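What follows is a short report on a single structure.
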């Protein structure tokens, strides 16, 4: 038998979700089997949805050897510091949350190709250096982003410093209550007046591509589709000569009401206003021009502003435009 005491950053979780994180190498089927047969909370059997509180003691009736096989090597988490550089900029910070500006090319989370040098790891190292995060003292908690940007999208990302703050912030984003997210981008064509883009989007995981669902089509696609809403507001427009003819481009603000993969890019492309530089959903002729003129090789999309409640006040935090975005904006719109 092993015993696990629930700490302050473990409380407020369901039993099954805590065990999934703690025994991160165990298949789900084993987790649920353990709950049925091998786990007691404070000496009593518990259900998978049992909510854990600080000071609760879990008795797990497996051997130390088996526990070690199911639980990631603690020696990795107990290193003196997380050895990553720091590419982000701190924009806002208090006891519960941290807002940083992510640069171009940095993953928010790891993927199959890159697991170490990520924004999440860099922020964990930053908080560890400040003495606000001790991985050796935590069983499941790690400072985590509550919103996510694509590798080549720049700008603001929110991190919770505690498990309770992370859950609260994630819930505010999920329910669209309390946090406003605003992006800047440049698109092809003239955008006249505010547009509300409202579609059901579905993601092709294998191709990493998103499209509007055909709601009259296959049942699987309809079931996977998620409602997605973006509000577009034009800020400035300019004409430039492109391949022998004039083309209008518009600087727009995109308010992200929901937060789906590639949402702004897909919505704007579907509305006939593809983002400049977007190789996946954009206009090849436009992209070629911006590549030749400004050496732009990816979508020009920046998470520029967040608005959220902080006590009785509404905080507005902004991230300056990256140098290349600022240069293109100045060249087109002055």
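Observations on the structure shown:
- The chain - mean residue ellipticity at 222 nm from DSSP helices (-39,500 (n - 2.57) per run, n ≥ 4, rounded to 500): -7500 deg cm²/dmol
- For region 8-23 and region 294-334, distance of Cα centres in Å: 37
- Computed lengthening from residue 36 to residue 307, 0.36 nm per intervening residue step minus Cα-Cα distance: 93.1 nm
- Stokes-Einstein D in µm²/s, Kirkwood radius over Cα pairs - region 181-333 at 10 °C with 1.306 mPa s viscosity: 96
- Cα-derived Rg to Rh of region 2-72, Kirkwood definition: 0.92
- Extension gain, residue 288 to residue 327, is 12.3 nm, computed as 0.36 nm per intervening residue step minus the present C-alpha separation.
- For region 225-282, alpha-carbon Rg and Dmax in angstrom: 12.9, 41
- Computed over region 181-333: relative contact order in percent, which uses C-alpha pairs under 8 Å that are six or more apart: 26
- Here the relative contact order of the chain, from alpha carbon pairs under 8 Å that lie six or more residues apart, stands at 14 percent.
- Length available on full extension from residue 104 to residue 86: 0.36 nm per residue minus the Cα-Cα distance, which gives 5.2 nm.
- Treating r as the C-beta distance of residue 94 and residue 8 and R0 as 25 Å, the FRET efficiency rounds to 0.90.
- Structural descriptor for region 77-174: relative contact order 32 percent, calculated from alpha carbon pairs under 8 angstrom and at least 6 residues apart.
None of the figures in this text is laboratory data; all of them are computed from the coordinates on show. From a predicted model like this one, the values you see are computed outputs, not experimental measurements. In this analysis, Cβ positions are derived from the backbone assuming ideal geometry, glycine residues included, and neighbour counts consider all displayed protein chains.
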